[in-house]
Amino acid sequence: MVAFVLRRLALLVVALLVSSFVIFAGLQLAPGDPLAALSGGRSLPPEALEALRAQYRLDDPFLVQYGNWLVHAVQGDLGQSIAQRHDVATIIGERIGVTAQLVALAAVIILVAGVGLGVLAGLRRGPVDAAVLVVTTLLAAIPSFVAAIVLMSVFAVQLGWFPAVGAGDGFADRLHHLVLPAIALAASALAIVARVTRASVREELEREHVETAVSRGLPRRLVLRRHVLRNAAIPIATVSGITILSLIALSAVVERAFGINGLGATLVQAAAAKDLALVQGISLVLVAAFVVGNTLVDLVYAVLDPRVTVGSRAA
Amino acid sequence: MSADAVVRTARSRRARLAAGDVVAWICGGIIALAVLVAILGPLLAPHDPNAADLNDQFVGPVAGHPLGFDAQGRDLLSRLLAGARTSMLGPTAVVVLAMAAGVLAAVTAAWRGGWVDAALGTVMDVLFSFPGILLAILASAVFGPSLWAAVIALSIAYTPYVARVLRSAAVRERAQEYIAAAEVQGASAVAICARHLVPNVAPLIVAQATLLFGYAMVDLAAISFLGLGVQPPQADWGVMVSTGKAGVLQGYPAESLAAGLCIVVVVVAVNLLGERLGERRR
Amino acid sequence: MSAPLLEVADLAVTLPVEGERRTVLHDVSLAIGPGEALGLVGESGSGKSMTARAVARLLPGGAAVTGSIRFDGTDVTALRGGELRAYRRSVAMVFQDPRAHVNPVRRIGDFLTEGLRLRGVARAEAARRAVAALADVGIPDGERRLRQYPHELSGGLLQRVMIAAALLAEPRLVLADEPTTALDVTTQSEVMAIIDELRRERGLALLFITHDLDLAAAVCDRIAVMYAGAIVEERAAAVLHDDPLHPYSAALAAARPAVDRTLPRLAAVRGRLVSAFEAPAGCAFAPRCAHAQDRCAAELPPLRPLDGGAVRCARAEELRGRLAPQEVAGG
Amino acid sequence: MAEPVLEARGLRKVYGDHVAVDGVDLALAPGGSLGIVGESGSGKTTVARMIVGLTRPTAGTIAVCGRDRSQPARGTAERRRRAREVQIVFQNPYASLDPRRSPADALDEVLRLHTDAGADERRARIAELGELVGLDERMLRARPRALSGGQRQRVAIARALAAQPRVIVLDEAVAALDVSIQAQILNLLADVRARIGVAYVFISHDLAVVRQIADETLVMQRGRVVERGPTEQVLDDPRDPYTRLLRASVPGPGWRPVRRGAPTTGGAT
């Protein structure tokens, strides 16, 4: 177990290094003059260009540039956003909160509604199961931005129950503003989690060891809790974890749809404006969150399944 | 057949008989229709999809324009039909690229095992740290926004998912005794993979490709929605959901909803079909 | 014999398979007295495991059961809810594949004490009994084993754990479904010895399901031979091998190579095995039988008493004494 | 013994720090039959896989017809030549056939690989092989899933015979079959050997089955050979304590199971 944790942490460091390198290299090697890219295509006075050249040490060898960038990044210095005329780290600091809240709210929705519906459908054959199956089939196919438009159109524009745009201030107002975006973000992921949960519960129900428990005269609720749900929790936790992690990137779409000034929306603006320092900084933060989250999912899996000693979770 | 096997078969048959294959045929029909429209789209469009007339802004259905007009007074039906092309072509390209890379990686890893498997696994693990949408946003920052940058980015991001699922299937198949028998017969690795291994995981490959198409369609549309994929004024379902957003806020959701519905219908059909194909394997 | 503990009469079972109903058991009648051991012997598809499942009320959903199963006088097929659970606690099952039949994510201790705890036995007392039960099945370091997970134990050890769990429930009848088939032969010998010894010690009745006639003969009082979903012969274990009444029992004994002498050639049975659902009209074994006549294909004879046992063969009387193993050799 | 058709010396296979096979020597006369008996973990299957070239020995040599095959084959011709020397039949009749190909297809694939025969000639040869193992035309054209376990094992034997090898390794080839079918296949194997003079390496956990088919027998325990000799002698008069234990554990008329006290099996799997 200790060996597994160490191995997984080593993999985490490697993944962070490689992905940071890919982010750096990808953007640095972008076609065209890096100065033009760094300046976002604006024409800058020569002294500004010179300052940029010095700041990014563009005359150094490539790996040295990467090393410098990484060292600065670790210290919290992600450079300057030219388009926003601001420190990248500061911009990220300002915007990360709302994105984290949005993803967290969506995660709660997924865990409660997705796992709940899945367990219900898994245990009850018949109309309940059929209804969940139909609903999740539809839901799984609704892209987050379509869900956003529909929710906005119905609950914000037609009914006026929720605000259509913005993120709000203060706890209650923020929550009020984030309900629709979180639902839009969670919708299809919820369906996927529900279906996997249902399938896992079904699979466990038919396991031989469950038959053993039944044959020993255990009451049904105990069989379900100790043998069916306990064992189904392993794949459910894994899939829920991965699905929730995928929302980190998807939040960009929902933030754009609802006009929320979060990390994702900022990333999209920066990409469109070729504001490379900002793109690098935000990408790095998002990938790091994703990779760390993946490691956590693997560790949870190892805790739930005593058979795990080496290797990673099954596909 | 052992008693356990009999019991399992009895159970799974029961589960499968719950829904007939009618659903699969309907889904197949919808997909065929979408493909047809993608090929013939502009020819089927009753009007020029890019002809704008601001007098017709947000006008509802009228004779000759069964879906009405968008914010710029363009015929909605014509734009939907014309938009099918990029909306279908993009995901198709992603599926072809990601499946080709994924199958190759999976079969190579399963066949060679050992360090080759470990190395490919590590590469896939690293690729796995880039969510598709994020990679596509990065690609648009580097190469400028375009459908093809997004297609390449998504293909790369999907490859590890395909490779993971297919690798475990290929490893199972590789361990089957008929594969070992073919090796002892002196057949070459490539021949065994091509004649035995791949055909026997083919149902899973097809099921994976189908599911992947659905994901690719949604993600590409999302990227176009963000303005980093297909560029307006070209008609595309993802772009139309985005350009229709202004109308939604003003109480005219027709454009966004119609384009969104097209995506949902195709994705539901593709997902259901993929599920059926996956089930048939067992 | 005193009143039987388990009495199965005219049991027939069908299962839904691919939209049609398939017969898996077609006519099974047997009785086991308290403390008695009955071997149920047959090849794949004979229905021996299905018989045990029917007795344990573990048939898959959709199974249709006719005939009667009585345990200690109560009709087992009618039991519901709490009564069914109480019945299951007095009938313990030992399965063929312990690896699949023990929950992989719970400790051995949980597996062994789960039933006891439910009956209100205190935690410490349950653990003490579990350790004692492990010692009974030849596992000395019980305290350590209780903390282990199933994947840390070999198949042989896990099957002993399964037996210990069965005995902890203090059942009156043990259903053992090929308990040693997945084990090595030396381990099989030990596990069978354990089952045999503990059963006799505690006066438990045993329904022992196996494909191995010799193994059944070693630990059972009587043996019932099944073919295609029906019992074809039932006999005292001591005489079945040397003096079979049904041609199939004789063929089964003769087809098995011997370890202590070299046979010039095995007495193979022609044709392939049939399951109950594909069995022809008349005697299911007739197409493969060296002694079959036209009447065998016409009608399935009932199981009728003969020579202290029972047999289902139209020619049983005429073939009596002619089916001993050496007679069949060369067929 | 005549010049052996198969000879192995000092075979050793190590996986990590586990020694699966440790110093096994064996020799098989042309047309002979060698039994290898052992329980799980004895290394008998690893020996089988090394002989056919599916597993590479850590040390030791294997020669068939005097040609070494301890190193992986170089090139297509060498690989195919080795295939014509040794073939294998596996245990599990449900995994040993490609589910998508009929027996005739499977045999045809082998014939294409190893002969220049035209379509007609191959068809005739397939029918001939079918006749040899007791498969009729209908069974040859069926999908594997439509065949019973015994029929599939006949197909596997026919496939092994198709390349006309000098040696066939039978790895628990009858272990998964029911008794009445097992007897058919054992008789078939005896007939085939008598008719075409192929030699067998017969791997099994079942002493009675080995007695029926092997002239000579090796008894393996934890990777080592603990006893060897003519089969009847090994089984009727075992010298090694392990062979005696094995022999005493086989049920038969009048047999009783015995309890040996504390388990000898290890705690871990």
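The values are calculated or read from the model by the stated rules, or taken from the named source; none is laboratory data. Source: prediction; values computed, not measured. Here the Cβ is made from the backbone with ideal geometry for all residues, glycine too, and neighbour counts use every protein chain on show. Areas reflect the complete protein model, heavy atoms only, side chains present, ligands, DNA and RNA absent. Shrake-Rupley method; radii C 1.70, N 1.55, O 1.52, S 1.80 Å.
If you fit an axis through the alpha-carbon atoms of helix D:149-162 and take the longest principal axis of the Cα set of chain D, what angle between them do you get, 0 to 90°, nearest 10?
In chain D, helix D:149-162 runs at an angle near 70 degrees to the longest axis.
Students sometimes get this wrong: rank A:Leu117, C:Leu15 by accessible area, probe 1.4 Å, all chains present, largest first.
Correct descending sequence by accessible area is A:Leu117, C:Leu15.
With the crude spin-label approximation of a point 7 Å out along Cα→Cβ, what separation in nm comes out for A:Val5 versus C:Thr262?
If labels sit at A:Val5 and C:Thr262, their model points lie 6.3 nm apart.
Express the Stokes-Einstein translational diffusion coefficient of the range C:156-265 in µm² s⁻¹, to the nearest whole number, given a Kirkwood radius over alpha-carbon pairs, 20 °C and a viscosity of 1.002 mPa s.
141
For an R0 of 45 angstrom, estimate the FRET efficiency from the Cβ-Cβ distance between A:Phe21 and B:Ser188 and round to the nearest 0.05. Could you put the intermediate results ahead of the total?
Values: r = 38 Å, r/R0 = 0.84.
It comes to 0.75.
Relative contact order for the range A:96-272: what is it in percent, counting Cα pairs under 8 Å that are at least 6 residues apart?
34
Just need the Rg to Rh number for the protein assembly as shown, please, alpha carbons only, Kirkwood Rh.
Reported Rg/Rh, Kirkwood definition of Rh: 1.02.
Might you work out the accessible area of C:Arg89 for me, using a 1.4 Å probe with all protein chains in place, and round it to the nearest 10 Å²?
The accessible area of C:Arg89 comes to roughly 80 Å².
Using a 10 Å cut-off on Cβ to Cβ distances, tally the other chain neighbours for every residue of B:249-257 and report the average as a whole number.
Values: counts 8, 1, 3, 2, 7, 0, 1, 8, 4.
Mean partner shielding for this stretch: 4.
List the accessible area buried at the contact between D and C, summed over both sides and calculated with a 1.4 Å probe, in Å² to the nearest 100.
Chains D and C together bury roughly 4100 Å² of accessible area.
Whole angstrom only: what separates the Cα centroid of the range D:85-138 from the Cα centroid of the range A:226-248?
47
Mind checking the mean number of beta-carbon atoms from other chains within 10 Å of the Cβ atoms in C:262-273?
Numbers: counts 6, 5, 2, 6, 11, 3, 10, 6, 2, 4, 9, 7.
Mean inter-chain Cβ contacts per residue within 10 Å come to 6.
Over the range C:77-159, one equal point on each Cα, no solvent: what is log10 I(q)/I(0) by the Debye formula at q = 0.12, 0.27 Å⁻¹?
Here the Debye-derived log intensity ratios amount to -0.40, -1.39.
Residues of the range B:167-196 with amide nitrogen under 15 Å from the 7 Å Cα-to-Cβ point of D:Ala175?
B:177
Using R₀ = 22 Å, calculate the FRET efficiency as 1/(1 + (r/R₀)^6) where r is the Cβ-Cβ separation of B:Val23 and A:Glu203; round to 0.05. Could the numbers behind the result be given before it?
On the way: r = 22 Å, r/R0 = 1.01.
The pair B:Val23/A:Glu203 has a calculated efficiency of 0.50.
C:Asp221 to C:Ala297: extension gain in nm, 0.36 nm per residue of separation minus the Cα-Cα distance? If you can, show how the numbers build up before the last one.
On the way: separation 76, 0.36 × 76 = 27.36 nm, distance 3.22 nm.
Answer, rounded to one decimal: 24.1 nm.
Amide H to amide H, which residues 5 or more places from D:Met220 or on other chains are under 5 Å from it, using H placed in the peptide plane?
Hits under the 5 Å cutoff: D:Val37, D:Gly38, D:Val226.
Once you have a ≥ b ≥ c as the square roots of the Cα gyration tensor eigenvalues for the range C:1-153, tell me rounded if a/c is under 1.5, and otherwise prolate or oblate according to whether a/b is larger than b/c.
Prolate shape, in that a/c is at least 1.5 and a/b is the bigger ratio.
Using the Karplus equation 6.51 cos²θ - 1.76 cosθ + 1.60 (θ = phi - 60°), what ³J(HN,Hα) coupling, rounded to whole Hz, does each residue of the range B:70-86 give in order, writing x for Gly and Pro?
9, 4, 9, x, 8, 5, 5, 4, 4, 5, 4, 5, 5, x, 4, 4, 5
Per the 1.4 Å probe, what fraction of the accessible area of the protein assembly as shown, in percent, lies on carbon and sulfur atoms?
Details: 27910 of 47980 Å².
The value for the protein assembly as shown is 58 percent carbon and sulfur by accessible area.
From the P(r) of the range A:101-256, could you give the percentage of C-alpha pairs in the tail past 18 Å?
Roughly 61 percent, once rounded to a whole number.
DSSP H helices in chain C with Cα extent of 18 Å or more along the helix axis and mean Kyte-Doolittle hydropathy at least -0.5?
Details: long enough: C:123-136 (20 Å, 0.01); C:155-168 (20 Å, 1.60); C:185-202 (25 Å, -0.46).
Helices meeting the criterion: C:123-136, C:155-168, C:185-202.
Applying the Karplus parametrisation 6.51 cos²θ - 1.76 cosθ + 1.60 with θ = phi - 60° to the phi angles of the range C:257-273, what ³J(HN,Hα) value in whole Hz is obtained for each residue in order, glycine and proline being reported as x?
Each residue of the range C:257-273 in turn: x, 9, 8, 9, 8, 8, 9, x, 7, 7, 7, 6, 8, 6, x, 10, 5 Hz.
Please report how far the C-alpha centroid of the range D:50-65 lies from that of the range C:127-150, rounded to the nearest whole angstrom.
After rounding, the separation between the Cα centres reads 44 Å.
Once a ≥ b ≥ c are taken as the square roots of the eigenvalues of the Cα gyration tensor of chain A, is the result rounded (a/c under 1.5), prolate (a/b larger than b/c) or oblate (a/b not larger than b/c)?
oblate
When the distances between all Cα atoms of the range B:161-282 are binned every 10 Å from zero, what whole-number percent does each bin get?
Once binned at 10 Å, the Cα pair distances of the range B:161-282 give 13, 29, 21, 17, 12, 6, 2, 0.
Cα axis of helix B:22-44 to longest principal axis of chain B: angle in degrees, 0 to 90, nearest 10?
Tilt of helix B:22-44: around 50 degrees.
Using just the helices of chain C, give the 222 nm mean residue ellipticity in deg cm²/dmol: DSSP H runs with n ≥ 4 each add -39,500 (n - 2.57), and the total is spread over all residues, rounded to 500.
So the calculated ellipticity at 222 nm is -10000 deg cm²/dmol.
If all Cα-Cα distances of chain C are sorted into 20 Å bins from 0 onward, what percent lands in each bin, rounded to whole numbers?
Taking every Cα pair in chain C, the percentages come to 30, 56, 14, 0.
What's the FRET efficiency of B:Ala246 with A:Asp173 using the Cβ-Cβ distance as r and R₀ = 22 Å, to the nearest 0.05? Please report the intermediate quantities before stating the final value.
Details: r = 25 Å, r/R0 = 1.13.
Calculated transfer efficiency: 0.30.
Evaluate peptide C:188-196: per residue, the Cβ atoms of other protein chains within 10 Å of its Cβ; return the mean as an integer. Walk me through the numbers on the way to the answer.
Details: counts 4, 12, 9, 3, 7, 5, 2, 1, 3.
Partner Cβ neighbours, averaged per residue: 5.
Obtain the nm distance between the two label points defined at D:Arg224 and A:Tyr66 by a simple spin-label model: each point lies 7 Å from its Cα along the Cα-to-C-beta direction.
5.4
Leaving ligands and nucleic acids out of the surface, order B:Val23, B:Val107 by accessible area at 1.4 Å, largest first.
Listed by decreasing accessible area, they come as B:Val23, B:Val107.
Keeping all protein chains in place, calculate the accessible area per residue for chain A (probe 1.4 angstrom), answer in Å².
Heavy-atom SASA per residue in chain A reads 42 Å².
Taking a probe of 1.4 angstrom, what is the accessible area of A:Ser144 in Å², to the nearest 10?
Result for A:Ser144: roughly 10 Å² accessible.
Translational diffusion coefficient, Stokes-Einstein: compute it for the range D:6-237 using the Kirkwood radius over C-alpha pairs as Rh, at 25 °C and 0.890 mPa s, and state it as an integer in µm² s⁻¹.
136
What's log10 of I(q)/I(0) for the range B:3-281 at q = 0.08 Å⁻¹, Debye sum over Cα points only, no solvent?
Calculated log10 I(q)/I(0) at the listed q: -0.44.
Taking Cα atoms of the range A:184-315, Rg/Rh with Kirkwood Rh, to two decimals?
Ratio of gyration radius to Kirkwood radius: 1.15.
Using a 1.4 angstrom probe and counting only protein chains, how large is the accessible area of C:Asp10 in Å², to 10?
100
With each run of n ≥ 4 DSSP H residues scored as -39500 (n - 2.57), what mean residue ellipticity at 222 nm is computed for chain B after dividing by its residue count and rounding to the nearest 500 deg cm²/dmol?
-25000 deg cm²/dmol
Kindly sort B:Asp219, C:Asp97 by accessible area of their heavy atoms, largest first, with the probe set to 1.4 Å.
Working: B:Asp219 30, C:Asp97 65 Å².
So, going from the largest accessible area down, we get C:Asp97, B:Asp219.
Rounded to whole Å and ordered largest first, report the semi-axes of the equivalent ellipsoid of the range C:115-154 derived from its Cα gyration tensor (root of 5λ). All intermediate terms of the calculation are to be shown ahead of the outcome.
On the way: eigenvalues 73, 28, 14 Å².
With the √(5λ) rule applied to the range C:115-154, the semi-axes are 19, 12, 8 Å.
Arranged from highest to lowest average of other beta-carbon atoms within 10 Å per residue, in what order do the peptides A:150-160, C:158-168, B:268-278 appear?
C:158-168, B:268-278, A:150-160
List the longest stretch of chain C that has no exposed loop site; here a site is one of the GluC sites (Glu not before Pro) assigned by DSSP to anything other than H, G, I, E or B, with at most 11 other Cβ within 10 Å.
C:19-298
Taking only Cα atoms, what is the 0 to 90° angle, nearest 10, from helix A:127-140's long axis to the longest principal axis of chain A?
Approximately 10 degrees, to the nearest ten.
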